[in-house]
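First comes the structure, then the notes that go with it.
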Amino acid sequence: MSSPTGPASGLPVRMPRPRQPGRHRRPEPVAAPENAPALVLAVPGVPSTATRSLAEEVVSIARSELPGLDARIGYLDGTEDATTTSFPEFPSLQSVLAHAAAERTARFEQARAAGAEVAEPDGPVAVVVPLLAGPDNALMRRVRQAVMDSRAPAELTDVLGPHPLLAEALHVRLSEAGLARADRARLFTVATAADGIVLATVGGEEAVQAAGITGMLLAARLAVPVMAAALDQEGAIANMAEELRGSGSTQLALAPYLIGPEIDAGLLDAAAKEAGCSVAESLGAYPAIGKLALSKYTTALGIAPQQPSGAPVH
């Protein structure tokens, strides 16, 4: 039996593990500050169970990286109703922001009614992060309008890319489809590996230029040419495929520089068929997406958890 002051004689004493000094010391875990604004993921496209599952996985990744994070999902084409007791299945971005603002006001009024000395709430009630890999002016205009219409004090971040982690995600999706080696450092071949990649994006010329930056990072990983083209410009994917063939590539792959909800899947399949390319899956809920969404949030608030970085190029 143990005495009030410690274990009985003869029993081992568990001592606290000493903290590792220097650069090998693990960083202290960072948690979301109390009453921090919500991270609201702005999801484009037609709401569906598949879209919701993807968005929920993205915010789950963000929560795992920053314990205590209040993360919510708002749909650009969701239901605009934040007044009912039963919240909509697919709430609009505007509704989610209005709801977050109403919650903060209610907390303040409740605390003041209880006699607590509390300051009037200020600062953003939410940080809105668009679920977009690259710039899309049409979609971003809709996101900004929803933020304005909500009348909630919210801060809007930029899109997720370009970033080395997105090049990593594209590499993984290509390797999963058997269109690229998983690791150039390992001496094995993939019979179906592409020798030219068309990076498909949406959002016009600005989106193509931004995708091209990530494309250069992907080209460095795969040691094959990578060229970006817009899905929403008729014939652009097929024309880029012909350009790659003209420069010597014979086995092409289409890599969507897209998370998924922002396009109709049929558009991607049709472009791949027209260009004669095999096609990889969209980025989806690859872990990098959740990490980049969180990075946008923490940067906006000046919180400094460990910043996401790209995996080393093999």
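The values are calculated or read from the model by the stated rules, or taken from the named source; none is laboratory data. Source: prediction; values computed, not measured. So basically every Cβ, Gly included, is an ideal-geometry build from the backbone, and we count neighbours across all protein chains shown. SASA here: full protein model, heavy atoms, side chains in, ligands and nucleic acids out. Shrake-Rupley method; radii C 1.70, N 1.55, O 1.52, S 1.80 Å.
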statement: Taking region 129-163 and keeping only residues that are part of a helix (DSSP H, G or I), touching a Gly at 6+ places or on another chain (Cβ under 8 Å) and surrounded by fewer than 21 Cβ atoms within 10 Å (Cβ to Cβ), one is left with Asn137, Ala138, Leu139
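If I go through region 266-295 residue by residue, how many of them are within 19 Å of the chain's Cα centre (by Cα) and among the aliphatic types (A, V, I, L, M)?
Matching residues across region 266-295 total 8.
Quick check, is Ala169 farther than 24 Å from Ser53 by Cα, open to solvent by less than 70 Å² (accessible area, probe 1.4 Å) and in contact with a helix residue (DSSP H, G or I) (Cβ under 7 Å, 6 or more places away or on another chain)? Before the answer, list the steps.
Details: farther than 24 Å from Ser53 by Cα: no; open to solvent by less than 70 Å² (accessible area, probe 1.4 Å): yes; in contact with a helix residue (DSSP H, G or I) (Cβ under 7 Å, 6 or more places away or on another chain): yes.
Answer is no for this residue.
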Members of region 286-314 that are farther than 17 Å from Val40 by Cβ, in a loop (DSSP other than H, G, I, E, B) and either modelled with pLDDT under 95 or of a type in the set (Gly, Ala, Ser) (or both): Gly302, Ala304, Pro305, Gln306, Gln307, Pro308, Ser309, Gly310, Ala311, Pro312, Val313, His314
field: Counted residues, region 258-278 - those being within 19 Å of Leu217 (Cα to Cα) and open to solvent by 20 Å² or more (accessible area, probe 1.4 Å)
entry: 0
